[in-house]
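Written out below as structure tokens is the structure these notes cover.
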Amino acid sequence: MLRDITWNGRPALLREMTMQMQGFTLVDSTITDRVTLAPLAHRGRNPRRALALDFAGARVTGTMTPVGAAPVPIDRTTPEPGFDSSGFDQIAPALGLRAGESVRLPAFVYEKPALQWYVVRATAGADGTLRLEIAEDAGVPFARLHIDPATRRTLDYAFVFPNGRTLDRVP
């Protein structure tokens, strides 16, 4: 679910996502700037941990709390601001890419020590849609989106796991 909110006095988007996977539930909420899609906050929970991140440009603070353990503080400053990696389903359609175009984007991934770089590639779908594939820098795609090229609305979204299996998400 995506909705307009105000976050610390500025227009923002709240995306709330709940997924059932292999017998457990994953809950993720991201807050992004309404105009730039710059990340403002991320809250996530799964059976192993809870994650709370707050973004302020190139600085990310918060906590990661393993189940049954004390919170582990997070305070990282990266050379440049990055997107929240869990928000690519919002970011990719907003890029305005046309078939044959691609762009390279930095993203903050809590589990990684530095910004990660991702490539979003656009191709034409046989049905007139635009296909967007998101991959780690020059790697195998981990997400695929079909979007309506006129409205930029996401029609479907699939996570691609290393073993080739997919998790389809309907917007």
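Let me know the charge dipole size of the chain about its Cα centre in debye, to the nearest 20, where only the beta-carbon of Lys, Arg (+1) and Asp, Glu (-1) is charged. Before the final figure, lay out each step's value.
Numbers: 20 positive and 18 negative charges, 37 e Å.
Taking the Cα centre of the chain as origin, the dipole is about 180 debye.
Have a look at 49, 131, 121 and tell me which one the Gaussian network model of the chain (Cα, springs below 10 Å) gives the largest fluctuation.
Per the Cα network of the chain with a 10 Å cutoff, 49 tops the list.
What length, rounded to one decimal in nm, is gained on full extension from residue 114 through to residue 137, with 0.36 nm per residue of separation minus their alpha-carbon distance? It would help to have the intermediate numbers written out before the result.
Values: separation 23, 0.36 × 23 = 8.28 nm, distance 1.35 nm.
Full extension from residue 114 to residue 137 adds 6.9 nm.
Taking only protein heavy atoms and a 1.4 Å probe, what accessible area per residue, in Å², does the chain have with all protein chains in place? All intermediate terms of the calculation are to be shown ahead of the outcome.
Details: 9540 Å² over 171 residues.
The answer is 56 Å² per residue.
Most fluctuating residue of 155, 145, 132 in a GNM of the chain with Cα springs under 10 Å: which is it?
Of 155, 145, 132, the most mobile in the Gaussian network model is 155.
Which percent of the accessible area of the chain is formed by carbon and sulfur heavy atoms (probe 1.4 angstrom)? Walk me through the numbers before you get to the answer.
Working: 5230 of 9540 Å².
Here it works out to 55 percent.
With every protein chain left in place and a probe of 1.4 Å, what is the accessible surface of residue 17, to the nearest 10 Å²?
Per-residue accessible area (residue 17): approximately 20 Å².
Under a point-charge model restricted to the Cβ atoms of Lys and Arg (+1) and Asp and Glu (-1), what is the dipole moment magnitude of the range 60-104 relative to its Cα centre, in debye to the nearest 20? Please report the intermediate quantities before stating the final value.
Details: 3 positive and 5 negative charges, 14 e Å.
Computed about the Cα centre, the dipole is about 60 debye.
Taking springs between alpha-carbon atoms closer than 10 angstrom, which of 57, 125, 44 fluctuates most in the Gaussian network model of the chain?
Looking only at 57, 125, 44, the biggest GNM fluctuation is shown by 125.
As I understand it, the dipole of the chain uses +1 on the Cβ of Lys and Arg and -1 on the Cβ of Asp and Glu, about the Cα centre. Which of 91, 27, 106 lies farthest toward its positive end?
27
To the nearest 0.05, what FRET efficiency results for residue 98 and residue 63 with a Förster distance of 35 Å applied to their C-beta separation?
E between residue 98 and residue 63, to the nearest 0.05, is 0.30.
The values are calculated or read from the model by the stated rules, or taken from the named source; none is laboratory data. It should be emphasised that the depicted structure is a prediction, and the values quoted were computed from it without experimental measurement. Counting neighbours? That spans all protein chains shown, and the Cβs are built from the backbone with ideal geometry, glycine included. Ligands, DNA and RNA are excluded from the accessible area calculation, which covers all protein heavy atoms including side chains. Shrake-Rupley method; radii C 1.70, N 1.55, O 1.52, S 1.80 Å.
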